[in-house]
Every structure is written in C-alpha cells, then in structure tokens.
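See structure below.
The values are calculated or read from the model by the stated rules, or taken from the named source; none is laboratory data. Source: prediction; values computed, not measured. Quick reminder, even Gly has a Cβ in these numbers, built from the backbone with ideal geometry, and neighbours come from all protein chains shown. Side chains are part of the model used for accessible areas, which takes the heavy atoms of the whole protein and leaves out ligands, DNA and RNA. Shrake-Rupley method; radii C 1.70, N 1.55, O 1.52, S 1.80 Å.
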Amino acid sequence: MGYKEHVNNPDMSLRFYVKIQGLPYIWLSGEVPIAQDGTPWLSGSYTLVPSSFDASDVQDIGCNLSRISGGASPASMLIRLVEDRAYTNGGIFAWDKQTGALANLADDFPYETGSGPWTMTVDSTADFVASSGTLYLGRETMTYTSKTATTFNVTARTLYDPVGYGDTVYRHNSNLPSAPRVVADHPRNFIGRYVQVYAHWVTADGYAVDDAFDGDASFECFRGFIRELPRAGSDWSSIEFEIEAIDSLLRTTVGAELKQGNLSLEPLAKWAAGSSDTEIQQGKFFLVGGSSRKFHIIVRDTAGAVVLNASGPNAIDILTGTGTPDVPPVTEVLTEEQLFGAFFLNVNQVIQATVSNLEIRLDRIFSGGGYEYSGLHTSINYSIEINHDGQDSVCSMLGFKGTSTSVTNGSFLIFASVAAQDASASYVSATATSIPFTYVNDADLMTAMAPIEPGFAVIGDDEEAEIVSYQSISSIATDVASGLYQMNGVQRGLMGTTAKVHRTSFQDDQGSEGGADVRFGVGVLNDSFLLTILNLAQSTGDGNHGGYDLFGVGVGTPQAPGHFDSASFLEASSDMTPTEQTVSYFLSKPEQLSKLCRDWLNPVGRFMFPRVDSQGQYTIGVGRQKPAIASQSVLSLDTTQMHWSDPATYQRGTSNIVTGVTVYPVWDFANEESKDSVKVSVLNTDAEAEYGHRNVIEWNLRGYTIGPGQALDLTKNWASQLAQRHGRGKVVLRLTADRRAWWANIGDTIELTVPEIPTPDGGRGLVTRYGVVENIVKIYSGDEPGAILTVVVESSALTDAFMPYAPSAKVVSKSGSDIVLAANEYTESGSDVDYFSAGDRVVIHNEGDYSTREARTIDAISGNTVTLSSAVSLTVGSWTAMDFDDYASAITSQRGGAAFISDSAHQLSTGDDGMRYT
Amino acid sequence: MAQRIDIAYRVIEGVNDTFDVDYDGAGALTCTVSPGLYMSSKALASAVQTAIDDQWSASASFEVGAISDGTISIDSTSASFDLTWDAVSLRNWLGFSGNLSGSSVYTGSLQPGVLIESLPWVDDAHGWLWSLKGINQQHKVHISKVSRRDLWSVRIFETIGNIAQVRSVMGHLLRGTPATWYRSATLTAWSYSNWHGKLEVCIDPRRTSYDEAFENPNNLQHTFSFDVHMVAI
C-alpha cells in the first residue's frame, strides 16, 4: 500500500525521522517505531537516536515560482535536534574538534568506480586506528580494513548515502580548486550534506504501518542541503541548522573558465628565437599541417600527354613524399629552411620516380623576401602546371593563388612567385579537420582549466567567428619549438556559423593583435535541453554518474542523480516536439544553471521544482504551466477538507498580469547572447487597454537553430498562449485545507467548492470550479496538519474550460442498446470511457461521415460497455467513433469541463492544450 | 443514562488484518479481517467472528462479542482452539495480551479503547458551531455562514481507580482517533429529535488537550472529572 493511501484516515498520524548524508545516525521524533507485530524497527548499520528530532514544525513551504521570470526561490527548513544526557548530538556535530585523527591527502583519490579496494595516500596515518576504521572525506564516509604508514586500504565507500553517488574525488596538484584535502576519523564538513526528513504512518495506537525504515508507508517530506554551520540552539540543549530545498543546487554555476588559445604563433616564436623582441623578427615559422602540406602538380610532354598527375587526390605530401601519409595528418613546425628542404626532398622524390631529372624548388626571393617556385629539366621540355588552390595546398599558406603553367627549356625557370606580405605563417582551410593553436600566455588565466576533450571552441570574433568541435587536443611540439597544440577530429562551421579559412600572417605573429582568438568552452549540439540540464547538473567528468554524465571535469556541478526525477524529465521531453526542445549551445564561461533552466523551460511553459515523487522521494521534477484541466484534477476541495473558520481568502489578482511577451528567437552562439536585432513581440492590446502597461516577459531562446520563419510561428504560438492565459486579472484564493491536500503540487488542477464566498460575478459561492495551484505550503506536524494553497481559479466563462483532448472513443461492437468501446484508443492511462458519464449526450458516427451521426444519451456505463438510450442503427465499421454531441445539445456537466467541436464539419483545432469552445 | 465511548480501530490490508486459528488441532489457518475503520469494539468483534467463520464455519460456530464490561470474548462453542496474533495492535485493541491456546473460550483482560460509565456523565450539551466570514465596518456588518459542525461536550465523572482507563481512551481521542459514543442502553441511531442513541464523534480539533480535575483536592481517593468536547463526524 502506497504512502498516499492513509491520508484519508483521520485516525492515522505521522512520525518523523531524519537522515543526513554520510552520518551513521537516524534521528527519531519519538521512540524507536514498533511494527504492527510488536517488533521494533531494526537500525541496520545506523545508530538510532530516539526522541531527538523536534518535529513540532515540519513543513514544506514550497518554492515560489515567478510567472514573469520563470525563476523559483527554494524553500528552507530549520532542523532542530534535541540533545540527550550523553551529549550525543554535540559530539556528532562538532565541526572543530581538537581531538581525533586528521591527515592530508597526498595523491589522487578516485571516484568509486569498480568494486575496490581503493588506495588513499596521505601524509601520515599514524593517528588513525591501526586495523580498521571509518574515514570521513568531505561528505563521504568510508571504511578501511588496513593501513600502511601513508596509505589506507579503503574497502567500502559512500556509506550512509541513500541517494547514492556521494563519492568524492580528489585530484592532487591539479589546477582545479579541488576539495576536500583532509581526511579524518570524524565528520568535519557538514555544509552541503543533504538532509532527508522522512514521515511514516502510524495507526492510532502508535504502531507503525511499516515494519522497517523507508517502507512503503513512509515518504520523504523534505530534502535539503545544509547551508550553515550547525550551531547550538538558544536553549543550549539542541543543535540547529538550516537546510535549503534541493532545488537550491540549481543556483550553482556550470561550465568552466578554460584556458584560451590563439592561432598566432607568437609564443612559439618567442620561445624559439629567444626572449628578445628584436630576435623575433629574424625567426619565421610555418605550421605545415593538414591544410597546408600538399603540392598539386601536373607534368605533360610536348604533345600534351600527361606524364605525371600529382594533383587532386594524388597531390604530393611535402612532408612524407613517397612515404606513407600520416593519418591523421600531423602538423609540423618548420623554419623557412626546413620547409624548403622538406619540399625539395619529398616533392622531387615523387616527381623523379616518374619523371627523372625534373627538379622543382621552393625558395625565398632574395630581393623583397617573397617566395617562388622554380624548376629545371636539362634535356626535355615539359609543361609544368602547379595548381595553387588545390585541396590543402602549401601554396595557399604561402600566398600563391590560381594556376601557374610553364614549360621547361633546359634552363632554370621561375614558375611562380608571390610577395612576402601575402605569405602566412599558418593556414587553416575551411575543411581542415585539425587546427593548430597556441595557448594564450595570460597571467589572468594561469589558474584556468585545460580545455575539455572532446569539446567546442570559437575561432575568431564577431562576424568572423566560427564554432568548431573537436575530439581531442594533442601537443605537436617539435625540436624546433614547443608550446604548440592541435585540435583533432574537428567539425567545422557549427551552430549557424560558417567554416572559414583562418590564416595568420607573420605580421599577426609579431604584432600585438595576434591571430584569431580561440575560446574553448562547453557545448552541446542538437540535443534536448531537458537532457542537457540533467547532464550539466550531474556530470562528473569521470562518467560515473550513470546516463547523464556527458561533460568533462569541472563542467557539471556534479550532483547525485538521485536528486532528480529523471522520469519526469523524460516524460516532459516526450511531450514536446523536437523543434521545441532541440538546442545547441556554446558556453565559454560559467553560468548559473538556474538561468539556463529558466531560459529553456519558461518559453515552453515548463518549470523545475522539488516535490514528493511517485516513489515517495523528494526530488526535482519538471512541471508544466497549464490552464485548469478538469479531467486532470488531482484534488477535490470542499468544506469537508477546508478549514472551518477561515477556508478561503482572496489574494491580489492582478500583480502577475502579463500584457506582452517579447521573444528574441535568434541566438548568437559565438557571442553567447541573443541577437537584439531580431525579436518577436506579442502584445495583448486588450489587456493593456484595461490594465495599462504591466509585465512584459522577455524570452531569450537560447541555442535554438530554427529559421526565422519557424521561430516566428513557434514563438507567436507560445507567447499567444501565455498572453491569453495571463492577460486578465485572476481570482486568486488562499485556501486552508486539511492534510488530504498534501499530494497536490504546483501546477496541478484542483476542483473547488466554496459555499457562500462572494465571487467576482456578483454572486456567492464557488461550485465545482477549477483552479491551478500556484503555491502550496504543506504542514506535516503541529496542531493543524494540512496545507495552505494559493490557487488561481479559472474564469467561470466556459470559453476558458479546457480538457486534454476532445472526448472520443472507438466503438468496437454493438449489441442492442449496448456498445463496447476500445479501452485506450485515445488515452494512455485510464481508459477512453473514463471521460464519459451517464447522462452525457453523445453522437455515434463512422469516420468520414459525420453527417449521418446518431445522437443518443448514455444511460449507464459498465467497464468499457456503454448502454445508450436506444440502439444505434448504423453498422459498426472499421472505425466507428463516439464523441460528445454539439455544445447546444450537451448537458451542463459536459459543458463544464469538456471540449467540444462546435462546427458541423467536426473540425478539430490544433492547439496543444486541447480543444476549446469556439 | 448508560453511556460508553468506544474508540474506533482501523484494520489495514496487509498490515494488521490477519491472525491464525488452529481449531481442534486441525492445523492453523489464516483468518483475515476485512479492512476498514471499525467504530466500536462490538463492530470489530463482529468482523473478527466473520474472519474466523470464513475459515472454520464448517467445523465450529465461533462467537466473538463484546461483553458488557468492555472486554471481548472469543468462543468456539465446542472444542479447544489456538489463536496466534500477527499484529500486536489488533491483539491489544481486542484486549488480549498474548497468543491463545488450550481452551475453547478466551476473554480479553483489558478494555484499551472503551470507556464505560461508572459514574453519571453530565452536561452533555449539544450545539451547532457555524463558521462565519464577514466584514465589520461602521454601519455595515455582513456575515456569512460557511460551514457547520455539530458540537458536543460532556463532563465525565470517574473513580480514581478508573483513571488509567480514562487516560488510555483520551490518548486515542487526542491522537485524532474517532469514536462511537453510546448515549443510551438502547443503542439506537441518534437523530436531531432523539438525543439518545449512538453518535460517531471525534475530539474537537480546536481542543488538543483536556483537563482532569479532582472533585475534592483534599481527598484524592474518590473521584475526578474531566470535560470532553467532541464533534459529530
């Protein structure tokens, strides 16, 4: 039996217990619970601390969602643990003990991968218990079974961690601000530990319904992180600390400050030429890489017949000649002389294998410093055609263009020449899959992390920017120079940018401007933002957080997957079209995760919030802003559930009016911001006329790569829904209900009956009206357990009544006045017949022939069998349907919450939120 | 007027709904009480009898009933039988302290949820509480009645020797357990025209405590009284 079942039994009540991550204790609100068979609950590996948790005020005040910003402010709770005579809690929470063993980690300590054991290396284990014992590292608790002078043999990890994945990693001497570094035999670090407040049901005589901790009749009514040092209460006989609900973790930043690069070779030149600026002028270096190591030449005889075709795919590799080409192509740093030498050796090696005695040279022009191709054949005249623009041609780097053709005549000939200023130190073609770069020698970035592999980078700025992805980064330092790296496996021109040629001139190298900047960062290419949020929140960099551990070290927060109700993320993802949720993005600096979530979730009417999920766990899930949908009402509130003396109070109903939505649909990936020049504004002029200019919501569509036309349609659709829904003043009621309201959540539809309450329509009493929960405070203990709900009551006008779909059912067979319906032709849960009631007016018709429909009244419903007021005459065909009758014929209860098709053609509208009266 | 209060008892499927009966050595069979809220010991006893009959009606005619002193007896009316409890809570509420064996009839030793009149109960006043919402401004008052509860209060006199029983019953009431208040020996249903009969009540949620007062502070050997405020459910 689930944890929700007992809430309707007023004779049953709750007891509470508290667990804290990594601590081997369970704090109980009373004595040790006793099961119905009289057996006390077993403590397992925990130590039970009876009557220590002050449960006088256990309540979840719920998060407050802002309709305007989409932001949520996390709830908090004060945990008060009452001291016993043995001063147990004081000992547990002593965070500054003067006794106990401590040691400093002296080497890397990994995540809990594999089955262990794990070796923990420290400066000294002398103070620790010899044989075996418990270690506390950060928020993780572990045990060791043996030790040496400087190592522990750790055999069990993540103890007392019900959520899981609380394992700690320590990276020794890395540039990361890695913590913790101190291991102890007692807990020292409390901030950041999660605290679980559990409730379990007991019968009136005090016996527990469950027979052990965390049973089916238990639920986690709150989970939060300790945000403050535990402190003594004002009575000096208790320990207090505040915990913030788990959604506070969304306020942490994701992404990382990474080392930045440059296509300039300046650092390289300095290294090679010495530190004197004057010497830089003397050094010329070329990056001969995948984009610049080919030489395209065709040799013909005097009759025009091709003697050698070393062009196109047969182009000569100037670094390997007849040797086996490097795969992938290696980039080499060559001085001018080395380049000429390699060219002479390898190009002529290939040419002369076919055309003996033909010689081609690459040289510097003595006068002016340009470059030239020259050649000689002493006896035979050959037509020499050099294609400078061939794929990955070295000629492009040196500044040659087009095609040069010359005929040897026995003398030394200049085939082509180029001025010095046209030559480049490096050349990256638009199709290159490896890109060399140097890191920027910037003192401000000395502590920055190395780029993540695989990763993303932006090359260049503003209009010239190109976003690329790469699989790896390798050092391509040579004897000539060090400090040079290369991105490998590069995909070019991503996220709406164009693949470009990047070249670095010698002037760039030696000047202050340098070549194009390379900004490394985190990126995602065409993935659902819902899954991206999970990845950003959970990634460890070591891949040990299960299915949502995509990003490298330091990018994710990295939170335990158990804090997220991933099923609700997947459900939300399946509810949205690929267009709505597919994004790409590039992030070169840390950003608050909650801001990313808001930007992505708000336009599609979603939000993230913590709540007790279907498994009884307090996790972060995805909710949906939607109008009240009668068929999805989760709670019916009337005077039997509401507080007698003060059941409902009106709240301000216009403070959240939205009179317009401005959407910036085009995202500038390289500059990581919206393009201000493109925007879609939807103004609710009626609302503005009535209420004046109120809130205008701004949405920056982060990372969408949709075309302007599609963006316009999509954002108009989203914005129209929002403006329509929130463009008028609302009836906002604050309701006090009993504990049967505990299972309602923000965004849920509830049904309301409040007799005698004055209503805006001039009458009194709300009867079977629907509203959406905006906020809910759940009071689990104290004198009056229950809930305080803030509910936006939908207008009484039928035009605002929604249903998830037009009620329909497929008729499978008929017998007399009975018809049998298919169970789930139009529904996923429950059955189609659930949306019909006795008394409803319906029509039965065959698909495509609505004109011959037969109208009937439902007399009775039993299972999927519907008894009609009289038999229908039509033959049940391959697709016979039963729908609600037209609005004019429908009975009142049908009209109240259902969707209707008003026109004779039975056309459905295409809105996402179901059909409306039109 | 004879009066008693029987605390309700909830039987939950899979939690406290079973016990085993072995009649005449034929082997133990599990008896299952239908889940639900039983508003009196009499009602629960009847359900227990049904549970036993479901398994053993072909062999014996069990009788389970609430005796007038509040205890409960289980009688096979024939051969001896053994009864093993699966739920201590069910056992306790029926007034037994352990498993039963070797006899054909057993009578509970306790009445943990039954308060029987031993001295007159007085001032069982009845009224209706209306919850009011309204405004109160100068020259203008408007009040609406939004909900009604039927209120009852009773001053109960008891002997000192019965104080433990009183506190047991009050402990249940204060935890929110509903109860049945029998207000006459006839046990007929209560109505607005007939203030006798039985009434299903719970303690007034606005009163989460009760006070015991000794009638003669100088002589604590005789009687005490307490007031209970209840609402009809």
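List of remarks:
- With DNA, RNA and ligands ignored, accessible area of A:Glu688 (1.4 Å probe; Å², nearest 10): 50 Å²
- Other protein chain Cβ atoms within 10 Å, averaged over every residue that makes up B:84-91: 5
- For chain B, built as a Gaussian network whose Cα springs stay under 10 Å, the top-fluctuating residue of B:Pro178, B:Pro112, B:Pro205: B:Pro205
- Ranking A:Ser404, A:Leu722, A:Asn656 by how far each Cα lies toward the positive end of the dipole of the protein assembly as shown (charges on Cβ) leaves A:Asn656 at the top.
- Percent RCO, i.e. relative contact order, over chain A, from Cα pairs under 8 Å lying at least 6 residues apart: 10 percent
- Total buried accessible area between A and B, probe 1.4 Å, nearest 100: 2300 Å².
- Bridge orientation summary for region A:642-715: considering DSSP beta bridges with both residues in this region, about 50 percent are antiparallel.
- Taking every Cα-Cα distance in chain B and sorting them into 5 Å bins starting at zero, the pair-distance distribution P(r) comes out as 1, 6, 12, 16, 15, 13, 11, 9, 7, 5, 2, 1, 1, 1, 0, 0, 0 percent.
- Span from the region A:1-80 Cα centroid across to the region A:237-254 one, whole angstrom: 16 Å
- Euclidean distance of C-alpha centroids, region A:838-870 and region A:529-564, integer Å: 52 Å
- Antiparallel bridges, percent of DSSP beta bridges restricted to chain A (to nearest 5): 90 percent
- B:Ile163, A:Ile34, ranked by accessible area, largest first (probe 1.4 Å): A:Ile34, B:Ile163
- Residue of B:Tyr210, B:Tyr23, B:Tyr182 that the Gaussian network model of chain B assigns the largest fluctuation, springs spanning Cα pairs under 10 Å: B:Tyr210
- Whether chain A is rounded, prolate or oblate, judged on the alpha carbon gyration tensor where a/c under 1.5 counts as rounded: oblate
- Across peptide A:643-655, the mean count of Cβ atoms from other chains lying within 10 Å of each residue's own Cβ comes to 3.
- Helix-only CD estimate at 222 nm, as mean residue ellipticity for the protein assembly as shown, using -39500 (n - 2.57) per DSSP H run (n ≥ 4): -3500 deg cm²/dmol
- For the listed peptides A:85-95, A:243-253, a ranking on the average number of other beta carbons within 10 Å per residue, highest first, reads A:243-253, A:85-95.
- Residues of the protein assembly as shown: accessible area per residue with a 1.4 Å probe, Å²: 42 Å²
- Accessible area per residue was computed with a 1.4 Å probe on protein heavy atoms; A:Lys97 scores about 80 Å².
- For region B:1-126, the gyration tensor built on C-alpha atoms gives a prolate shape. Its axis ratio a/c (a ≥ b ≥ c) is at least 1.5, and a/b is the larger of a/b and b/c.
- For the peptide B:8-19, the mean number of other protein chain Cβ atoms found within 10 angstrom of a residue's Cβ is 5.
- Peptides A:767-774, A:228-235, A:786-793, A:113-120 ordered by average Cβ neighbours within 10 Å, highest first: A:786-793, A:767-774, A:113-120, A:228-235
- Cα gyration tensor category, rounded, prolate or oblate, for region A:1-71 with a/c compared to 1.5: oblate
- The peptide list B:125-131, A:456-462, put in order of mean Cβ contacts within 10 Å with the highest first, becomes A:456-462, B:125-131.
- Cut-off 18 Å, label 7 Å out along Cα→Cβ of B:Tyr210, residues of region B:69-106 by amide N: B:70
- Nitroxide proxy distance, nm - points 7 Å out along Cα→Cβ at A:Ser374 and A:Ser56: 10.0 nm
- Separation of region B:88-111 and region A:98-153, taken as the distance between their Cα centroids, equals 56 angstrom.
- In this rough spin-label picture, where each label sits 7 Å from Cα along the Cβ direction, the A:Glu698-B:Ala79 distance is 8.9 nm.
- Listed residues B:Arg206, B:Arg149, B:Arg91, most fluctuating in chain B (Gaussian network, C-alpha, under 10 Å): B:Arg206
- With each label modelled as a point 7 angstrom along the Cα→C-beta vector, the B:Ala26-A:Gln421 pair spans 11.5 nm.
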